[in-house]
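A quick write-up on the structure given underneath.
The values are calculated or read from the model by the stated rules, or taken from the named source; none is laboratory data. From a predicted model like this one, the values you see are computed outputs, not experimental measurements. A quick note on method: Cβ atoms are made from the backbone with ideal geometry, for glycine too, and the neighbour counts reach across all protein chains shown. Quick note on the areas: whole protein, heavy atoms, side chains included, nothing else; ligands and nucleic acids left out. Shrake-Rupley method; radii C 1.70, N 1.55, O 1.52, S 1.80 Å.
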Amino acid sequence: MMLRPGSIEWGSKRSALEKFDYTAGDLALCDRHVGEWVGLMNVSHLQLGISDAALMACSDGAYGEVELRASRKFADPRLSAMVAAVHAEMVAGFPSGRLFLDSVEQAMAVTLVNGHAVRHRPVQLYRGGLGSARLRRIKELVYAKMEDDLRLDEMAQSVGLSTAHFARMFRKSTGETPHQFVLRQRLERAKRMLRAPDARVLDVALACGFKTQQHFAQVFRDACRVSPTRYRQDFLDSEVISALETHSENALPL
């Protein structure tokens, strides 16, 4: 994806290059198995690779290898938004962890298979969702590995499903993506830990699977509208007020 306007020359041989002009957000889809001559002309771009496993999972095993149509210039707002999210994550130092990147890759793979495959069976839409036993197993895994960098395929394997099928079924069952669910569980644990008056914000961040205190504080503020320190202080203040009110109600009249 082009991050800024620029031009690229493409061609099967050096003597026959064709120039394409791009604006920010324009995309090019390249086949890594086919060699091409490429001339970059003051282009700032981000290049991502989608794994064969992610593409095959989205094709529901319709064929052994997914073949995508190469395109030297096209627009797809949904794909561009996903690539932009990966770019922002990269610039920040990948604070959200592997599960976030796995989730974006899976979403990109679904879009590519449905819109850019040479031949494919449309991604099957499953009704229903995960059963209660599988949901319980996923929750147990998330609670047990809260401090770790969970992967999407690890969650899917724990309930015996492909990553694509699992991601669809999980969202159908919970209304959340796996990444959103894990993030919410981490924040709920953080809230419980912050209610202790001697809890250090850094210790809470690491115990809840955040790589840095800064990233934890930003995610917490975005979700709760207050900083972790402010949340703890507000909670402790409310406890003091509640205790004083209880004492006043139980006091005997003179």
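Points worth noting:
- Residue ID - surrounded by the most Cβ atoms within 10 Å (Cβ to Cβ), chosen from residues in the stretch 89-103 that are of a type outside the set (S, T, N, Q) and part of a loop (DSSP other than H, G, I, E, B): 97
- Test: residue 218 is at pLDDT 90 or above and either assigned to a helix (DSSP H, G or I) or within 18 Å of the chain's Cα centre (by Cα) (or both): yes
- Condition met for residue 168 (under 15 Å from the mean Cα position of the chain (by Cα), in contact (Cβ under 8 Å) with a residue 12 or more places away in the chain and more than 30 Å from residue 52 (Cα to Cα)): no
- Scope the stretch 213-235; condition of a type outside the set (A, V, I, L, M, F, W, C), under 20 Å from residue 181 (Cα atoms) and open to solvent by 20 Å² or more (accessible area, probe 1.4 Å); matching residues: 215, 218, 221, 222, 225
- Residue ID - most open to solvent (accessible area, probe 1.4 Å), chosen from residues in the stretch 186-212 that are part of a loop (DSSP other than H, G, I, E, B) and closer than 20 Å to residue 150 by Cα: 211
- Pairing residues of the stretch 4-19 that are under 30 Å from residue 84 (Cβ atoms) with residues that are surrounded by 14 or more Cβ atoms within 10 Å (Cβ to Cβ) and of a type in the set (S, T, N, Q), at Cβ distances under 7 Å and at least 6 apart in sequence or on separate chains, gives 19/7.
- Only residues that are surrounded by 14 or more Cβ atoms within 10 Å (Cβ to Cβ) and outside any loop (DSSP other than H, G, I, E, B) were counted across the stretch 136-151, and they come to 4.
- Residue match in the stretch 15-25 (condition: buried (at least 16 other Cβ atoms within 10 Å of the Cβ), over 25 Å from residue 153 (Cα atoms), modelled with pLDDT of 75 or more and in contact with a helix residue (DSSP H, G or I) (Cβ under 9 Å, 6 or more places away or on another chain)): yes
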